[in-house]
Structure formats: structure tokens, C-alpha cells
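See structure below.
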Amino acid sequence: MILVTGGAGFIGANFVLDWLAGGGEPVVNLDKLTYAGNLENLASLQGDQRHVFVQADIADSERVRDLMVQHQPRAVVNFAAESHVDRSIHGPEDFIQTNIVGTFRLLETVRAYWGDLSGQDKASFRFLHVSTDEVYGSLAAADPAFTETHRYEPNSPYSASKAASDHLVRAYHHTYGLPVLTTNCSNNYGPYHFPEKLIPLMIVNALAGKALPVYGDGMQVRDWLYVKDHCSAIRRVLDAGRVGEVYNVGGWNEMPNIEIVQKVCALLDAMRPRADGRSYRDQISYVADRPGHDRRYAIDARKLENELGWRPAETFETGIRKTVQWYLDNPQWVAHVQSGAYRDWVKIQYAA
Ligand code: NAD
Ligand code: DAU
């Protein structure tokens, strides 16, 4: 059995679904169910005895300890986090609480549990921390991509809180010998992506006839990875990663935001043409930039490829087509996540 935290969110849910579909051991899925946690993401697991869902906070040490003692996981995969940069700018407190204090408490709980293990159980136990490329800061156009030894230079409250969590994970290995692994991944996209993030926001706004808000000049570059490739990388690192090591995960797919938006529009034009025959591109609207907006991220994923033989299976062309198709096929999921709380957020963020 493994313990997954944050497994009702975008990447965590994809991970749990893929893990069980691939015949992995049973999963205890611990999630606080914040606005980003959604049990509909896990609906296909209803009645599956291999999946135990528990609504809890990673910072609730007693609860997490009891669960670990009860289920005896051989690994913890930590996805739980506040994940949206714009929300961290409007209100950093939750990011400090979950990403820093929560990760700290989880590490303490796991350290105590691991300390009580013995023999092979202790030797093979792993704590895998899922982190982000944003901890490395921003690149200039000609800079080489981020390697695992790139200096930490987080620029938003979100990335600073993730950087702090990475440092704690590192320290728990260095000081206490906790067998940790850390992955730093680039921007994901795919099914179940909450429509506060660029790609799903563009898809759902386009279909609703709304503006497609591009921050600043739209020339910020991100390195996009299909979510299922991120999940396969995590499985690979969990399986064979060297304890205490960090692995960067990326899609070898850098693209400026405006190009991403144009590609989404072109796909929608072909797959669900507008009734008036015009292109969804007409809905693109340049809006005020994100404060402190990082210009470019790019991941050098050669360590993961050379040591563990991982490469992404999808190109951006294949992944984005699957993603757009998924949103077209799942209007109910979209309707349900656009609750009152979602509408309040859109009002705050895009008021102008
Ligand atoms: P998400 O916001 O979609 O999901 C986060 C999940 O964590 C939600 O289900 C939420 O309910 C849960 N959660 C939040 N606080 C919690 C707490 N205190 N205790 C228990 N559960 C809690 O995020 P995501 O995009 O799926 O990201 C998952 C992880 O991957 C995060 O750690 C994020 O930093 C990292 N990451 C994300 C990306 C990306 O492109 N989305 C890229 C690299 C790394
Ligand atoms: O790089 C990994 C990170 O990717 C993860 O750690 C984060 O959890 C995840 O949210 C994501 O962060 P970004 O800030 O890069 O993702 P987001 O989808 O919010 O924005 C992608 C780019 O698009 C960014 O340059 C900002 C821009 N953008 C975003 C939104 C929501 C717009 O131009 N308009 C928008 O409305």
C-alpha cells in the first residue's frame, strides 16, 4: 500500500488513476478537499477496494500518524499543496500553512513512522516529494535550461513556499537519514486540470464565448508536459531513484503563452467550430501582467533520462489534442467545478 497526499487534485488524481490502472498496490488517498480537490476526479474508482479516500490535512499529525499505523504504507507520495501562483499573490497565507508548515508536519509524522520500521521495510521505505521548476526562478531567453544544481531563486509566494518545502525535505534526509526523493517538474496539462490555470481556462472560456485573458505581452515561456508523463516519471523515480536525489522532469517543449493559446484556438476551430464561423482567436484579450511574472522556465531532464531511462511519451501536439478532446467530452465536470467559489475567484482575478 502507498499513501498519496493531494490525490483529489489535478496531478494527484491522474497519478492515482494511472497507478491503479497499471496494477499498482492499493492507495490510501489523503486530501483536505480544498477548492482544488475534487472527488469527481476519482469517480471511476467508486467501489474499487484498492482505493481508500480520507479527507484530512497533511498538517494534522495525529490523523496522518493513525492512518500510517493502520495502513502501513511502503511509500508516501506528497502532492498536497496550494498550487496556483495568482492565488498566492492575492493571499499567501494558505501557501505558507500547507506548503511549508504542512510539509514540515508531514515530514515529522513520516519520520516517526519510518523510525519504528525495521529491516527490509525500513530500508525500502520512500518519501517522494512532488515539487516544481518554479523554485529555480526565471531564465533569460538564451540561458541554459534548469538542471538539478541550479541555484534556488523563487520569485512568488507560491514558489518560495515550495522552495522552503524542498529544503525541509532535503534536511530530513541529510539530518535524519529519511529516505526521500524530490521531483521538480515543469508545467503540466491534461484531464482534470482546474480551469484557473492557463490551458483549461482558455478552453472553457473559449467554449463559453468569453475573453481569453493573456497576461502582459504573452511572450512568457513555459515548458509543457502532459500530466500522464509526469505521473510515469514519478513512478519511475519512486521505483529506481537514488535516495536523497533530486530529479527534474520536463517535456522538452518550451513555448510562449500566446502560442499555446493560439494552438488551443486552432484545435477548437477544427474540433468544435464557432457557430458564427469565426476563429476562437478573436476572443484573445491582452490583460494586465502578473506581478513579478517569471519570464521563462525550461527544464533539463537529462539526469532522469540518463539514470532512469525516462522520456515523455506525448509530444505537445498529441497531448494537447487529447486534452481539448477531454474537455469537450466532459462538460459536466467543467460545469461542476465552476461553482460559486470559482466564479468569485474569476471576479477577483480578472475584474479589470
Ligand atoms: P492542485 O491544486 O490541483 O491539487 C492540490 C491538491 O492538494 C488538492 O486536491 C487539494 O485539496 C489538496 N490539498 C491542499 N492542501 C492540502 C492539505 N493541507 N492537506 C491535504 N491536501 C491538501 O495541484 P496540482 O496541480 O495537482 O499540483 C500537485 C503538486 O504538484 C503540487 O505540489 C504542485 O506544487 C506540484 N506541481 C504542479 C505542477 C503543475 O503544472 N500543476 C507542476 C509541477 C509541480
Ligand atoms: O512550472 C510549474 C508550475 O506551473 C506549477 O508549479 C504550478 O503549480 C502551476 O500552476 C504552473 O504555474 P504557472 O504560473 O506557470 O501556470 P499558470 O497556468 O497559472 O500560467 C501559465 C502561464 O500563463 C504563466 O506565464 C501565466 C500565464 N497566464 C495564466 C493565466 C491563468 C495568462 O497569460 N493568463 C491567465 O489567465
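The values are calculated or read from the model by the stated rules, or taken from the named source; none is laboratory data. Quantities reported herein were computed from a predicted structural model and do not represent experimental measurements. Don't worry about glycine lacking a Cβ; one is built from the backbone with ideal geometry, like all the others, and counts go over all protein chains shown. Areas reflect the complete protein model, heavy atoms only, side chains present, ligands, DNA and RNA absent. Shrake-Rupley method; radii C 1.70, N 1.55, O 1.52, S 1.80 Å.
Table for the structure above
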quantity	calculated
Carbon + sulfur, % of accessible area of the range 1-94 - ligands and nucleic acids excluded, 1.4 Å	48
Cβ-based net charge around Val52, under 14 Å, with every Lys or Arg adding one and every Asp or Glu removing one	-2
Helix 61-71 vs. the chain, principal-axis angle (Cα, 0 to 90°, nearest 10)	70
16 Å reach of a label modelled at Glu305, 7 Å along Cα-to-Cβ, counting backbone N of the range 156-197	186
Exposure of Glu307 as accessible area (Å², to 10), given a probe of 1.4 Å and all protein chains	80
Per residue convex hull volume, Cα atoms of the range 65-206, in Å³	143
29 Å Cα-Cα reach of Lys197 towards lysines, excluding residues that sit fewer than 8 places from it in its own chain	Lys32, Lys162, Lys210, Lys228, Lys263, Lys303, Lys322, Lys347
Per residue accessible area in Å² of the chain, where ligands, DNA and RNA are left out and the probe is 1.4 Å	42
Whole-angstrom gap from the range 102-151 to the range 9-63, using each part's C-alpha centre	20
Degrees between helix 257-271 axis and first principal axis of the chain (Cα, 0 to 90, nearest 10)	70
Helix 157-176 axis, angle to the chain major axis (alpha carbon atoms, nearest 10°)	20
Probe 1.4 Å, all protein chains present, accessible-area order of Phe104, Phe146, largest first	Phe104, Phe146
Size of electric dipole in the chain: Cβ of Lys, Arg +1 and of Asp, Glu -1, about Cα centre, debye, nearest 20	300
Most to least packed among 43-53, 280-290 [average Cβ atoms within 10 Å]	280-290, 43-53
Separation of alpha-carbon centers, the range 323-352 and the range 164-237, rounded to whole Å	18
FRET efficiency for Arg63 and Ala123, using Cβ-Cβ distance with R0 set to 22 Å, rounded to 0.05	0.25
Apportionment of accessible area to carbon and sulfur, the range 288-352, percent (1.4 Å)	51
Calculated FRET value between Glu245 and Gln70, using beta carbons and R₀ = 22 Å, to 0.05	0.15
Tyr247 accessible area, 1.4 Å probe, all protein chains in place, Å² to nearest 10	0
Accessible surface ranking that places the most exposed of Leu207, Leu198 first, with a 1.4 angstrom probe	Leu207, Leu198
Percent of Cα pairs exceeding the 13 Å cut-off, where the set is the range 258-306	71
Full-stretch length increase - Leu39, Tyr286 - with 0.36 nm per residue and alpha-carbon distance subtracted	85.5 nm
Principal axis dimensions, largest first and in whole angstrom, of the chain by Cα	67, 48, 38
By accessible area with a 1.4 Å probe, ligands and nucleic acids excluded, highest first: order of Ser339, Ser186	Ser339, Ser186
Ellipsoid semi-axes in whole angstrom, largest first, where each is sqrt(5λ) of the Cα gyration tensor of the range 166-249	35, 14, 10
